[in-house]
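Comments concern the structure below.
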Amino acid sequence: KRTGAHPLKLDVTSTSEIAQAADWVRERFQSLDVLVNNAAIDYDTWQNAATADLGVVREAAETNLYGPWQLIQGFLPLLRKSRHARIVNVSSEAASLAGMGGGTPAYTASKTALNALTRMLAAELRTDSILVNAVCPGWVATDMGGPGGRPVADGAASVVWAATLPDDGPTGGFFRDGRRIPW
């Protein structure tokens, strides 16, 4: 019986590295139970939408949106072979349209698009019994989050919750600490 997590380091903007990672998983395990898309860059607090450097916005979209999208496409055949597949997209409450204001345009727009992708995939993959959800870990004390945020374990708890949902659990939702938050 296969158990446990097996992390792989890869550049989510590299299609060749994604293909190599999918091959690695296919050769060793033949299927994939959980795909966590946790990549994020460019928390651009120095910008606003009206004058944003669109090069920074494009760079953020490559990692924060297209990277997860490519990973999902690359690993979908392996996820479909699992009896309990889960896709967890790590987003941000900053991407909630309900409470959105100005600032951090590259990060916010790319994570908002990731939320839209989450909804689309949840609808499309429902018949495959693949649960697809977005989670907000909150402000976490990481290299990107900086000091003063939640401990990493507290932020990771939302990811673990979504990754271990029961088969009749929610799909197409946006959650923080196991509770639904508005899109």
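The values are calculated or read from the model by the stated rules, or taken from the named source; none is laboratory data. Because the structure is predicted, anything quoted here is derived from the model rather than measured. Glycine gets a Cβ as well: all are built from the backbone with ideal geometry, and neighbour counts include every protein chain shown. We work out accessible area using only protein heavy atoms, side chains counted, and drop any ligands, DNA or RNA first. Shrake-Rupley method; radii C 1.70, N 1.55, O 1.52, S 1.80 Å.
Percent of accessible area on the chain owned by carbon and sulfur, 1.4 Å probe? List each step's numbers first, then the result.
Details: 5380 of 9810 Å².
Summing carbon and sulfur atoms, their accessible area is 55 percent of the total for the chain.
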Study note, to complete from the structure: Computed over segment 44-183, protein heavy atoms only, probe 1.4 angstrom, the accessible area per residue in square angstrom equals 49
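Need one number: % antiparallel among DSSP beta bridges in the chain, to the nearest 5.
Roughly 15 percent of the beta bridges in the chain run antiparallel, per DSSP.
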Check your understanding: Excluding ligands and nucleic acids, what accessible area in Å² is computed for ASP167 using a 1.4 Å probe, to the nearest 10?
Key -> 90
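Order the peptides 65-74, 51-60, 171-180 from the highest to the lowest mean number of other Cβ atoms within 10 Å of their residues.
Numbers: 65-74: 20.0, 51-60: 14.7, 171-180: 16.7.
Packing order, densest peptide first, comes out as 65-74, 171-180, 51-60.
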Check your understanding: Pairing the Cα long axis of helix 152-163 with the longest principal axis of the chain, what angle in degrees results, from 0 to 90 and rounded to the nearest 10?
Key -> 50
Check your understanding: Using the per-residue mean of other Cβ atoms lying within 10 Å as a proxy for protection, in what order, highest first, do the peptides 12-19, 84-91 fall?
Key -> 84-91, 12-19
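Would you mind counting up the charge near VAL56? Only other residues with Cβ under 12 Å from its Cβ, with Lys and Arg at +1 and Asp and Glu at -1. Intermediate results must be reported in sequence, preceding the final value.
Details: positive: ARG58; negative: ASP42, ASP44, ASP53, GLU59, GLU62.
That sum, taken over residues with Cβ under 12 Å, equals -4.
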Review point. Any idea what angle helix 105-125 forms with the longest principal axis of the chain, computed on alpha-carbon atoms, 0 to 90 degrees, nearest 10?
Key: 30
Exercise for review: Compute the acute angle (0 to 90°) between the alpha-carbon long axis of helix 15-29 and the principal axis of greatest extent of the alpha-carbon atoms of the chain; round to the nearest 10°.
Suggested key: 30
